[in-house]
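Peer 1: Take this structure, written in structure tokens, and hold onto it; I'll ask about it next.
The values are calculated or read from the model by the stated rules, or taken from the named source; none is laboratory data. Only a predicted model underlies this, so the values are computations on that prediction, with no experimental measurement involved. Backbone-built Cβ (ideal geometry, glycine too); neighbour counts: all protein chains shown.
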Amino acid sequence: MNRPRITIFDTTLRDGEQSPGCSMNVQEKLRLAQQLDRLGVDVIEAGFPIASDGDFEAVQRIAASVRRPIIAGLARACAGDVDRAWQALQGAAHPRIHVFLATSDIHLKYKLRITRERCLEQARDAVRHATSLFPKSVCADVEFSPEDATRTDIPFLCQVVEAVIAAGATTVNIPDTVGYTMPEEYGQLIRTLREKVAGIEKATISTHCHNDLGLAVANSLAGVQNGARQVECTINGIGERAGNASLEEIVMAMRVRPDRYPYETAVASEQLYSSSQMLAEITRVPVQPNKAITGRNAFAHEAGIHQDGMLKNPLTYEIMTPQSVGVPDSRLVLGKHSGRHALALRCEQLGHQFERRELDEVYRRFVVLADRIKKVQDSHLLELIQDVTSGAVSSGEVGSQGNKLPPAAAVTLARAVSAAANLIEAHPAHVSGGAGQTTLLIPFTDRHSEQHSDQEEYLWGV
Ligand SMILES: [Zn+2]
């Protein structure tokens, strides 16, 4: 059977990165983008170029070095933003401009202070402008998001979607910006768009669901069942407030239950765990232990009756294998007799790919450590990796004389230990700032402020 192919649009570096406590520098974003490439996502939303010089640079550098996936840059619906996004995407092999504008009455009235007519016109103009930037020889790749779509008057939403498709949008994304919708309702909304919007077949319909009621994944899947062919999601489900739809949960739901969700993605599921680990390590936001797919308890069986069943036949309690999502085989203990290959594999599973020379250094320190402590746990390894990548002194040496460390190395080591502890210990993941927080997260630059009037205050996207 030919299953419909679902485009996986990863927005960890944009929507995810905007959430409090998850900011990343350019180097970290680049490293994560390379991992997303290995993971096999179709689109990487690399940032919001006009938001800051750092975001601009991150999009530019990712565009230059990550060549397989589409690289998207976010822009509000105005020429200044669209131009800046296009400028950042210049070096991309496959650029996409992602334009957004709120369409719900509550956003139009209180946030943007514009009428529906003005909103429609602005959306159409921005998409037309974005489309015009692509050279004639290539198909323009422009996505439009009516922000707060799920609280938008449905006939008006249909009107906007129809107008942006006529203006050249190739993807229309339907954000549940505030995490308000329910699965049947969201599925129905996607179906209505397919029935009512003239020209809808020319564009890909996309989902973008927030998790305020814990329904982001369920809503995204309902969207897919009703004709959406792109899903926007993030690693570990990070994102504004309660987060976004979790990439790993969506991919594995389709893989474990093809009878209910007969769809294909290009994601290499064996890379899910290392992607999750890498993100947790970079942001120092630990994965909640009971997180589906990537939490450290996701495959742990403690109850006696479960262990008994597992030993007799893993199918008694296991709907997917740890290997299928890349969880390291815990029976494989690393010790001083472990080879370079086993070490490299475990490093990869923990989210670290090394060049030959770096691996030599990790291995050298590993052997010193293994000689001292016999059994090297993942936490030790993460600490050691952090030392190598930050150029600190050998952990084999610092471990025995911790209080004699030079201050910089002590700080590095303390950071490494706390990062490793975060990954290992049972701390529930939390994001600072609770539900309802509407703090402006990104300062707006003066240079662009005249162009946006009221809209300049609202830079956090869909
Ligand atoms: Zn969002």
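Peer 1: Within region 99-127, work out how many residues are surrounded by 19 or more Cβ atoms within 10 Å (Cβ to Cβ) and of a type in the set (Lys, Arg).
Peer 2: So the count comes out to 1.
Peer 1: Output the qualifying pairs, or none if there are none: Cβ atoms under 8 angstrom, residues six or more apart or on different chains, first residue in region 137-162 and closer than 17 Å to Phe9 by Cβ, second residue surrounded by 23 or more Cβ atoms within 10 Å (Cβ to Cβ) and aromatic (Phe, Trp, Tyr).
Peer 2: That search, which allows pairs on different chains as well, returns Phe144/Phe100; Ser145/Phe100; Pro146/Phe100; Glu147/Phe100.
Peer 1: Can you find a residue that is at pLDDT 50 or above, buried (at least 17 other Cβ atoms within 10 Å of the Cβ) and under 30 Å from Pro20 (Cβ atoms) anywhere in region 352-364?
Peer 2: Within region 352-364 (the criterion being at pLDDT 50 or above, buried (at least 17 other Cβ atoms within 10 Å of the Cβ) and under 30 Å from Pro20 (Cβ atoms)), the answer is yes, since at least one residue qualifies.
Peer 1: Identify, please: which residue in region 238-260 is out of contact with any helix residue (DSSP H, G or I) (no Cβ under 7 Å at 6 or more places or on another chain) and touching a residue at least 24 places away in the same chain (Cβ under 8 Å) and is, among those, farthest from the ligand (Cβ to nearest atom)?
Peer 2: Per the criteria, the residue is Pro258.
Peer 1: When you look at Ser206, is it buried (at least 23 other Cβ atoms within 10 Å of the Cβ), within 15 Å of the ligand (Cβ to nearest atom) and more than 24 Å from Asp259 (Cβ to Cβ), yes or no?
Peer 2: It is true that Ser206 is buried (at least 23 other Cβ atoms within 10 Å of the Cβ), within 15 Å of the ligand (Cβ to nearest atom) and more than 24 Å from Asp259 (Cβ to Cβ).
Peer 1: Which pairs turn up if I take residues in region 305-326 that are within 20 Å of Ser276 (Cα to Cα) and touching a residue at least 24 places away in the same chain (Cβ under 8 Å) and look for partners that are among the polar types (S, T, N, Q) and assigned to a helix (DSSP H, G or I) with beta carbon separation below 8 Å, at least 6 apart in sequence or on another chain?
Peer 2: Ser324/Ser269; Val325/Ser269; Gly326/Ser269; Gly326/Gln271; Gly326/Ser274; Gly326/Gln349
Peer 1: Give region 282-298 a look and list any residue that's over 15 Å from Pro322 (Cβ atoms) and in contact with a helix residue (DSSP H, G or I) (Cβ under 6 Å, 6 or more places away or on another chain), or say none.
Peer 2: Within region 282-298, Ile282, Arg284, Pro286 qualify.
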